[in-house]
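Any read-out appearing in this document is the output of simple, stated calculations on the displayed coordinates, not a laboratory observation. On a predicted model such as this, the values are computed, not experimentally measured, just so you know. Cβ placement follows ideal geometry from the backbone for every residue including glycine, while neighbour counts extend to all protein chains displayed.
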Amino acid sequence: MRAGDALPVELPDAVREAVLAPLVDHHCHGVRRDDLTRALFETLITEADLPAPPGTTHFDTPAGLAVRRWCAPLLGLDPHVPPAVYLARRAELGAAEVNRRLLREAGIVAFLVDTGINGSCLLSAAEMGRLGGAAADEIVRTEQVEQAVAASTASGVSYISDLNDNLAAKAARAVGFTSVVAHPHGLDFDPARPSRGAVIAAANRRLADPQDRLADPVLLRHLLWAVVDVARERSLPLQFHTGYGAPGLDPHRADPTLMTGFIRATQPIGVPLVLMHCHPFHRQAAHLATVFPHVYVDVGLVPAHTAAGAAAVVGELLELVPFHKQLFGSDGHGVAETCYLGALYYRRGLAGALAVRLAAGEWSVPDAARVAHMIGSGNARRIYHL
């Protein structure tokens, strides 16, 4: 069963076809190529990076139940089988076959893969595309580029030119950039470009211990502006991780309205800024996308993690955000189940939200179908030049 084939509501044929049309997943990560222990699998279906408390399991979450309901049949099992049965079948098939089945059945026509999470255990962008029967392109993690430059450059002065050169080289082979500035610092950063002297001084301090994660606010700001310059030259968008996320994220500093000054400063430049995940700040993100012409939003991993509750979040975006500003991104990572469920619950959530509007006579059938195509693939094709 392809992701979303079992929609929760009846829709006119044209709208159903639009909801089920192939999606452009504008932000995901590589999934594991190796066979997994139960403990590792459980951490990969949640944003937690630690095991569940003793005597409990991460399968007792909306995502855990969704794995057993929707992924089990793709592995030849009955829906709702116990976790142990599911994982035994997963091990029997092997990671390559599980990945092939789940990625292909997600109904993705193009994977845009954030390659910032390293490791030979993860599929590359090309491998994600091959197993999923889809096109695949790279989204460059800006902080990863900076880390490589800091580890190899000779001085604070060369740090600036080396960073520019490396970003430009990466941009030539990618369709966009992404930043996780919310994790080491928060989105409440000073929006102004730092001076060259301040950058050189901060870079010299950085080079004393370049293996540390970048946290210096001057260099973080410099990195963002350097990326904006390269993105403008190459007509590439820049993604920002906001809202719901990993344990290292300080939630109250991940509200995208905190970076309004930066958004306003970049408006004349015209580089598209994509606010990802956003929940529980999706209403704030919606405001930014409404008032700034270069701002776009998605709800990323939220549909997969809220599962049956996805319709409420998807519906709220339809209430608030211009339809040409919304994107689909699964934020699938670690296990292919997250990619599959991201697509499935996005489609189910969108179907439910569209059905309400159609039944109320608020939307016509052609409008509902057009919006579904825009959000599912058309908007991504436009801003990523696919």
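Counting every C-alpha pair in the stretch 20-91, the share spaced more than 18 angstrom apart comes to 47%. Centroid-to-centroid, using Cα positions, the stretch 90-111 and the stretch 207-236 are 35 Å apart.
Restricting the stretch 125-202 to trypsin sites (Lys or Arg not before Pro) that sit in a DSSP loop and have at most 12 other Cβ atoms within 10 Å of their own Cβ leaves 173.
Of the residues 266, 61, the one with the fewest other Cβ atoms within 10 Å heads the list, and the complete ranking is 61, 266. Between residue 195 and residue 152, the C-beta separation translates, for a Förster distance of 22 Å, into a calculated FRET efficiency of about 0.35.
The helix-based estimate of mean residue ellipticity at 222 nm for the chain, built from -39,500 (n - 2.57) per DSSP H run of four or more residues and divided by its residue count, is -13500 deg cm²/dmol to the nearest 500.
From the largest down, the stretch 174-315 spans 50, 33, 27 angstrom on the principal axes of its Cα atoms.
Taking each residue as 0.36 nm, the span from residue 312 to residue 96 lengthens on full extension beyond its C-alpha to C-alpha distance by 74.3 nm.
Taking 7 Å steps out from each Cα toward its Cβ at residue 84 and residue 265 produces label points 5.7 nm apart. What does a probe at residue 235 reach in the stretch 311-325, counting residues whose amide N is under 15 Å from the point 7 Å along Cα→Cβ? No residue passes the distance filter.
Look at 269, 200, 139 and count the other Cβ atoms within 10 Å of each Cβ; fewest to most, that gives 269, 200, 139.
Mean separation of Cα pairs under 8 Å and 6 or more residues apart, divided by the residue count, gives the chain a relative contact order of 24 percent. If the chain linking residue 69 and residue 172 were pulled fully straight, counting 0.36 nm for each residue of separation and taking away their Cα-Cα distance, it would gain 32.9 nm. Between residue 290 and residue 257, residue separation times 0.36 nm minus the direct Cα-Cα distance comes to 10.6 nm.
Projected label points at residue 39 and residue 165, each 7 Å from Cα along the beta carbon direction, are separated by 4.5 nanometres.
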